[in-house]
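A short write-up of the structure that comes next.
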Amino acid sequence: MKIRRFAAVLLAVALAAAGITGCSGKKDKDAKGGQEAMGRYVEEPVELPVKEGENVIALTAGEESDSWLYTYNTLAGTYGAYHYEDGNFTEGDAAWLDHAGSTLGEFSNIVRGEDGKLYALFFDNENKSHVVRDAGDGTSEEIVIPELASQGDMDMYPIVSNMAVDSDGNLFLAFPVTGEVRMYDQKTGDLIRSFQSGEYTGVLSMLMDVSGKDLIMGNQDGTGFIYYDTATGEVRDEIKYADMTSDGIVKINEENDCIYADSKGLHHLTKGGSVAEDLISENASAFGIPQAGAINLVETEKGTYLVLFHTQTAGGETTYQLYRYVYDKTAKAKPSQMLTVYGLTESSAVRQAIAKFQQDNPDVGIEYKTGSAGEGTGTKADSIRALNTELLGGSGADVIMLDGLPAESYIEKGILADLGGILDAVDKEDGISANITDPYEKNGKIYQIPTRYGVPILMGSSEKARILKSSNTLIDYMKDHKWNDLMEMADKNKVMGLLLNIYYDEIVDEKQSIDTELLASLIETAGKTVESDGVEGTIFFGGGSQTPDSGWNVGKVGSLEETDTIASYEIKGIQSMMMPYHYMRKTGTEPTDTNGIYTPHDLVGINKASKNTELAREFVKTLLSKDVQTVDVDCGFPVNEKAMEALIQSLEEEPDEANGSVSISSAASATDGEEDETEPVTENITLPHRSEVQSLADMGKKLKKPVQKDDIIGEMILDGAKTYFDGSRTAEEAAKDIAEKADTYLSE
């Protein structure tokens, strides 16, 4: 038997990052003598007691101030139980789970009801859910709920993602597809009443808990929580919370308030209120790890919490970590030092580094600012202007993530500090990808370091790929062709973005001067694209799977028929290899690099005016460390060579479809010749093969040409090209106007 978590088609749980602040109500100084305020919640790792072959599957409350950890032994095919009390684990008995699993299939969830009994959720090979109760004698009793055995209009059994049991034994089941919780009589299995939530909640963690006659759920518009009276079905109270996420766990505490754990941390919300007390929030805990997700929360004693996390590795394996969150009155309410990190947009890799750095340095606080945070209707240009004002004034963030920023201008103005010695230290310990970092050395100094990189590839006809080798070759080819002879299912804007990426250093030279003649020719070239009904991104056969998140992703991949076209795609990690390599395997094609280009990601620099230079340098080392870079966050491949090797070794040569695969279902052209007929096509997309990642890594070692755009100039070019596409300007006029706007921007 294999343990897996059930995820419904078309629904997913997004895991994002989080951080820490002190307990609310505390001040930096007390009212009398100015003594530094003390006391805040701290995170303490708890060592798991698991044996070889055991996987953690759940954490649930005990009868008092204790808890139980449950495991599944993949070698023996049996369940295990460990009792946690006073900081220690002792082995217990899980025979009742073995009894249930022997007939009902795979384990999904376990809870302790308010009636003191243990309940578990299983589902069988047909994905039909079963609820069982610990009979107390090593066996289990199934609670028959007729509705669970009834297939609906879509010939699917109801999906159950969460459950609770009140003190009267009434059973509450969460149905995420409809966004409701249904209350059943445990003895008869009859429906008592239904409570409506929102459908925004995640499949694996639909927000719900029961205490006394209170049922708490996420509200229907995702702006907080509602309390239902389970006896009447009426809304009893609500909590407004603007920072709701799509994932999380909610519990009702002894005061009938709400304890909410999500990707932003651990929060205390007062019933009827609208202000959250962040017990543990972003940047200083496991909540800040992008690949980690909280799956169980237990309040062992008043104000003390255990949280079980799971983390997905690049190879598809799931690991588990347990943390205890307790208020420590001896800890400083605020960190002794603060480090500020700024980036135009949020990065999962930076979040990963922040979590690691603060776990290693608990007395250092990190504030992570992004250009989009609290900007309202402000533009990216507004964010950059505000940052520039700070930096030129001798202030601003200590660490600057330079992606999309005018880094060359910062270097010329002396804003960035020399990072000399950092790469040498990392290279000595783990090895560094010199071909990725060397282009950033200037006169023996380095002011910015790409901590990750993407590999743009071309797929399909190798002959057609050679046409993109130079701008002149492409322009000559397009004199007698349409763009769709080169790439299928593309549109003008995406094609212009691709040309900007490939030929950026020809369009914009080192002095930020624009070659208007070349730019006009490329705008005309992109304008020869035949519109494809607004389609954007790379289209993978088998589902219209579009990936518009990168300006490199253009064209159609994996057609059932032989084609003489190409598609472009940027590979930024193990996960992003899954779809393109699946279809390259099907068509028997190999990827080629794009003119030796790589895309630098998470470029880091240090503000020369920083008062925390040493802390900033240590943070940069953390960004480059093996521990952080080994995590596949799809922000680019690591420049740390040991981390890259660890990623490769984490994969199988022939990946198991049951481990890390994605099943996609779509409509494709039928094979019977009927033009309008379609039939569903289902395919399993696995993780890439180890040899494929090794081959891509070998390609990456040969790339020496970074494409690093100033986002504002890039946006000016793309916006200006649209004036040619819509017929309001000639290509020459559009190029001239772009150059004038760029000059004005650079002079500010």
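The values are calculated or read from the model by the stated rules, or taken from the named source; none is laboratory data. These numbers come from a predicted model, not from an experiment. Note that we place each Cβ from the backbone using ideal geometry, even for glycine, and neighbour counts take in every protein chain shown.
Residue-level check: of (1) exposed (fewer than 15 other Cβ atoms within 10 Å of the Cβ); (2) closer than 24 Å to Met401 by Cβ; (3) of a type in the set (Lys, Arg), Lys369 misses just (1). Any idea which residue in region 156-176 is surrounded by the most Cβ atoms within 10 Å (Cβ to Cβ), counting only those that are over 32 Å from the mean Cα position of the chain (by Cα), assigned to a loop (DSSP other than H, G, I, E, B) and free of Cβ contacts under 8 Å to residues at least 60 places away in the same chain? Among those that are over 32 Å from the mean Cα position of the chain (by Cα), assigned to a loop (DSSP other than H, G, I, E, B) and free of Cβ contacts under 8 Å to residues at least 60 places away in the same chain, it is Gly169. Filtering region 34-82 to residues that are out of contact with any strand residue (DSSP E or B) (no Cβ under 6 Å at 6 or more places or on another chain) and on the phi > 0 side of the Ramachandran plot leaves Gly34, Gly77.
Name every residue in region 160-177 that is small (Gly, Ala, Ser) and over 17 Å from Thr230 (Cα atoms), in order of residue number. Break it down into steps so the answer makes sense when it comes.
At the first step, the residues of region 160-177 found to be small (Gly, Ala, Ser) are 161, 164, 167, 169, 174.
Answer for region 160-177, where residues must be small (Gly, Ala, Ser) and over 17 Å from Thr230 (Cα atoms): just Ser161.
Of everything in region 617-642, what is part of a helix (DSSP H, G or I) and within 26 Å of Val364 (Cα to Cα)? Give them in sequence order. Don't jump to the end; show me each part of the working.
Step one: filter region 617-642 for residues part of a helix (DSSP H, G or I), giving 617-624, 626-629, 641-642.
Passing the criteria: Arg617, Glu618, Phe619, Val620, Lys621, Thr622, Leu623, Leu624, Lys626, Asp627, Val628, Gln629.
Across region 140-194, the number of residues qualifying as within 20 Å of Gln220 (Cβ to Cβ), of a type in the set (Gly, Ala, Ser) and at pLDDT below 95 comes to 3.
Residues of region 588-630 that are polar (S, T, N, Q) and either out of contact with any Asp or Glu (no Cβ under 8 Å at 6 or more places or on another chain) or more than 30 Å from Ile566 (Cα to Cα) (or both): Thr589, Thr592, Thr594, Asn595, Asn607, Ser610, Asn612, Thr613, Thr622, Ser625, Gln629, Thr630. Contact map, region 628-642: residues that are in contact (Cβ under 8 Å) with a residue 60 or more places away in the chain paired with residues that are in a loop (DSSP other than H, G, I, E, B) and among the basic types (Lys, Arg), Cβ distance under 6 Å, separation 6+ or inter-chain. Pairs shown: Asp634/Lys572; Gly636/Lys572. Looking across region 95-110, the residues that are surrounded by fewer than 22 Cβ atoms within 10 Å (Cβ to Cβ), over 13 Å from Glu142 (Cα atoms) and either within 31 Å of the chain's Cα centre (by Cα) or of a type outside the set (A, V, I, L, M, F, W, C) (or both) come down to Asp98, Glu106. On the given criteria, is Lys428 in a helix (DSSP H, G or I), more than 24 Å from Tyr583 (Cα to Cα) and among the basic types (Lys, Arg)? Criteria met by Lys428. Checking each residue in region 612-627 for being buried (at least 24 other Cβ atoms within 10 Å of the Cβ) and closer than 30 Å to Tyr569 by Cβ picks out Leu623, Leu624.
The single condition among (1) under 13 Å from Leu322 (Cβ atoms); (2) part of a loop (DSSP other than H, G, I, E, B); (3) without any contact (Cβ under 8 Å) to a residue 24 or more places away in the chain that Glu52 does not satisfy is (1). With respect to (1) touching a helix residue (DSSP H, G or I) at 6+ places or on another chain (Cβ under 8 Å); (2) over 22 Å from Glu732 (Cβ atoms); (3) not in a helix (DSSP H, G or I), the lone exception for Gln512 is condition (2).
Of the helices (runs of 4 or more DSSP H) that lie entirely inside region 663-748, those containing 2 or more residues that are in contact with a strand residue (DSSP E or B) (Cβ under 9 Å, 6 or more places away or on another chain), at pLDDT 95 or above and under 23 Å from Ile571 (Cβ atoms) span 690-700. When region 197-218 is filtered for residues that are at pLDDT 85 or above, surrounded by 15 or more Cβ atoms within 10 Å (Cβ to Cβ) and not hydroxyl-bearing (Ser, Thr, Tyr), the ones remaining, listed by number, are Leu207, Met208, Asp209, Val210, Lys213, Asp214, Leu215, Ile216, Met217, Gly218. A single member of Tyr70, Tyr41, Tyr82 is under 18 Å from Val307 (Cβ atoms), without any contact (Cβ under 8 Å) to a residue 40 or more places away in the chain and either more than 29 Å from the chain's Cα centre (by Cα) or crowded, with 17+ Cβ neighbours inside 10 Å (or both), and it is Tyr82. Exactly one residue out of Lys428, Lys413, Lys445 is touching a Gly at 6+ places or on another chain (Cβ under 7 Å), surrounded by fewer than 16 Cβ atoms within 10 Å (Cβ to Cβ) and not acidic (Asp, Glu): that is Lys445.
May I ask you to list the residues in region 475-491 that are more than 40 Å from the chain's Cα centre (by Cα), closer than 11 Å to Lys528 by Cβ and assigned to a helix (DSSP H, G or I)?
Looking only at region 475-491, we keep the residues that are more than 40 Å from the chain's Cα centre (by Cα), and these are 476-477, 479-481.
Those left that are additionally closer than 11 Å to Lys528 by Cβ: 477, 479-481.
If the condition is that a residue be more than 40 Å from the chain's Cα centre (by Cα), closer than 11 Å to Lys528 by Cβ and assigned to a helix (DSSP H, G or I), then Tyr477 is the only one that fits.
Would you say Ala355 is more than 30 Å from Ser513 (Cβ to Cβ), in contact with a Leu (Cβ under 8 Å, 6 or more places away or on another chain) and part of a helix (DSSP H, G or I)? Steps first, please.
Details: more than 30 Å from Ser513 (Cβ to Cβ): yes; in contact with a Leu (Cβ under 8 Å, 6 or more places away or on another chain): no; part of a helix (DSSP H, G or I): yes.
Judged against the criteria, Ala355 is not a match.
Scanning region 583-610 for residues being over 25 Å from Ile502 (Cβ atoms) and modelled with pLDDT under 95 gives a total of 3.
Report those strands (runs of 3 or more DSSP E) wholly inside region 187-276 carrying at least 1 residues which are within 27 Å of Lys302 (Cα to Cα).
On the way: elements: 191-196, 208-211, 214-218, 224-229, 235-240, 249-252, 258-262, 265-269.
In region 187-276, the matching strands (runs of 3 or more DSSP E) lie at 208-211, 214-218, 224-229, 235-240, 249-252, 258-262, 265-269.
Could you please find all residues in region 382-406 being in a helix (DSSP H, G or I), farther than 21 Å from Ile354 by Cβ and within 27 Å of the chain's Cα centre (by Cα)? Within region 382-406, Asp382, Ile384 meet the criteria. Is it the case, given these coordinates, that Asp137 is within 22 Å of Phe195 (Cβ to Cβ) and at pLDDT 90 or above? The answer is no for Asp137. When you check Leu104 against the structure, is it touching an Asp or Glu at 6+ places or on another chain (Cβ under 9 Å) and farther than 28 Å from Leu266 by Cβ, yes or no? Criteria met by Leu104.
The C-beta contact set for region 142-155 (first residue farther than 18 Å from Gln186 by Cα, second residue surrounded by 14 or more Cβ atoms within 10 Å (Cβ to Cβ) and of a type in the set (Ser, Thr, Tyr), distance under 9 angstrom, 6+ apart or interchain) comprises Gln151/Tyr157.
Residues that are crowded, with 23+ Cβ neighbours inside 10 Å, touching a Gly at 6+ places or on another chain (Cβ under 8 Å) and either of a type outside the set (Ser, Thr, Tyr) or over 28 Å from Glu524 (Cβ atoms) (or both): does region 469-486 have at least one? Within region 469-486, none of the residues are crowded, with 23+ Cβ neighbours inside 10 Å, touching a Gly at 6+ places or on another chain (Cβ under 8 Å) and either of a type outside the set (Ser, Thr, Tyr) or over 28 Å from Glu524 (Cβ atoms) (or both). For region 320-359, filtered to residues that are crowded, with 19+ Cβ neighbours inside 10 Å and β-branched (Val, Ile, Thr), the residue that is nearest to Glu47 (Cα to Cα) is Ile354.
Across region 290-305, the number of residues qualifying as within 20 Å of Arg40 (Cβ to Cβ) and crowded, with 21+ Cβ neighbours inside 10 Å comes to 3. Checked against (1) crowded, with 20+ Cβ neighbours inside 10 Å; (2) in contact with a Phe, Trp or Tyr (Cβ under 9 Å, 6 or more places away or on another chain), Asn388 passes all but a single condition, namely (1).
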